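First comes the structure, then the notes that go with it.
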Amino acid sequence: MDEIRASLFLQGERLPLIGVTVDVSAIGALIRCARPAPVGAKGTIELATTPKVRVPIRVLRVDSVTYKPFHGIGVQFSHLTPEAREILHERSPWTVTDVPGGCQVQFRVGFTEATNFFGLLGQLKGNVAFDLSGVRQISSVGVKKWVHFVERLPAGSRVRYVRCSPQFVQQATMIRNFLGRGEVESVLVPYSCVECGATQEVLVEVHGGGIPQIDEELDCTCGGVLEVDVMQDVFFSFLVNA
Ligand SMILES: [Zn+2]
């Protein structure tokens, strides 16, 4: 995601801490700063969004290793106004949800030069399931950033890809190392109707290896036929090459 300039005004500190966001959501933010902040400190954060967002915060954690020579300062927001919530929600390209044994990451946007996977790395824990249904655009720089990211996923964790968009699958078939050591669990297969132009995607489970059996045609609500929109051998070739 794009970096946002952030100023942290902490109680008892004369000058604000200036940094940039590594990640921001409606719950809190991770700020990369030149100076650390005391854990537990309270204050206010000002984010240079349009319009500006000013929110009371508390410092939750400080990570002085991952962003060396900078410090990663994790802050939790409180008293967020609905307007501020909306501005921040739009800025966050993914949501990380805790699940038993690890976390699930849902991407809301594609992978481009603006995607900062660096920030995501610090939010992951345990086994990770990536939901890729929202990834509809992947630029060449986005591909490079993603490959670099999956190479750096924690070694001990199990990595699964679920609800992979056709665009994600297409890259997986073309780019070596695109999946890293992760396993694809399910993909969205596109269909379209030649009669009315309607499109539909069908979720197909792929574990167990081998090319799954899928319907070539489905009934369309117009009375016509939805035909599968991909060459199956090509679309599923990432399973064979894996
Ligand atoms: Zn139709």
Between helix 82-91 and the chain: long-axis angle, C-alpha atoms, 0 to 90°, nearest 10: 60 degrees
Share of carbon and sulfur in the accessible heavy-atom surface of the chain [1.4 Å probe, %]: 51 percent
Highest average packing first - 170-181, 14-25, Cβ atoms within 10 Å: 14-25, 170-181
Antiparallel content of DSSP bridges confined to region 94-241, in %, to 5: 60 percent
Net charge dipole size for region 5-91 [Lys, Arg +1 and Asp, Glu -1 on Cβ; Debye, nearest 20]: 260 debye
Relative contact order of region 1-96, defined on C-alpha pairs under 8 angstrom at six or more residues apart (%): 28 percent
Heavy atoms of HIS207: accessible area, 1.4 Å probe, square angstrom to 10: 110 Å²
Residue (of PHE70, SER92, GLY110) at the positive-pole extreme of region 1-145, dipole from beta-carbon charges: PHE70
Per-residue SASA entry for ASP63, accessible area with 1.4 Å probe, Å² rounded to 10: 30 Å²
Accessible area of region 137-242 divided out per residue, in Å², using a probe of 1.4 angstrom: 57 Å²
Most to least accessible of PHE236, PHE70, PHE77 (protein chains only, probe 1.4 Å): PHE70, PHE77, PHE236
Cysteines in the chain lacking a second Cys C-beta under 4.7 Å: CYS33, CYS103, CYS164
For region 84-179, alpha-carbon Rg and Dmax in angstrom: 13.0, 41
Computed magnitude of the charge dipole of the chain (debye, nearest 20; Cβ of K, R +1, Cβ of D, E -1): 1880 debye
Prolate/oblate/rounded label for region 39-84 (Cα gyration tensor, a/c 1.5): oblate
Rel. contact order, % - alpha carbon contacts under 8 angstrom, at least six apart, region 9-49: 40 percent
Value of relative contact order over region 117-235, rounded to a whole percent, pairs C-alpha under 8 Å and six or more apart: 21 percent
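The values are calculated or read from the model by the stated rules, or taken from the named source; none is laboratory data. Values in this document were obtained by computation on a predicted structure and should not be read as measured data. Here the Cβ is made from the backbone with ideal geometry for all residues, glycine too, and neighbour counts use every protein chain on show. Accessible surface areas use protein heavy atoms only, side chains included; no ligands, DNA or RNA. Shrake-Rupley method; radii C 1.70, N 1.55, O 1.52, S 1.80 Å.
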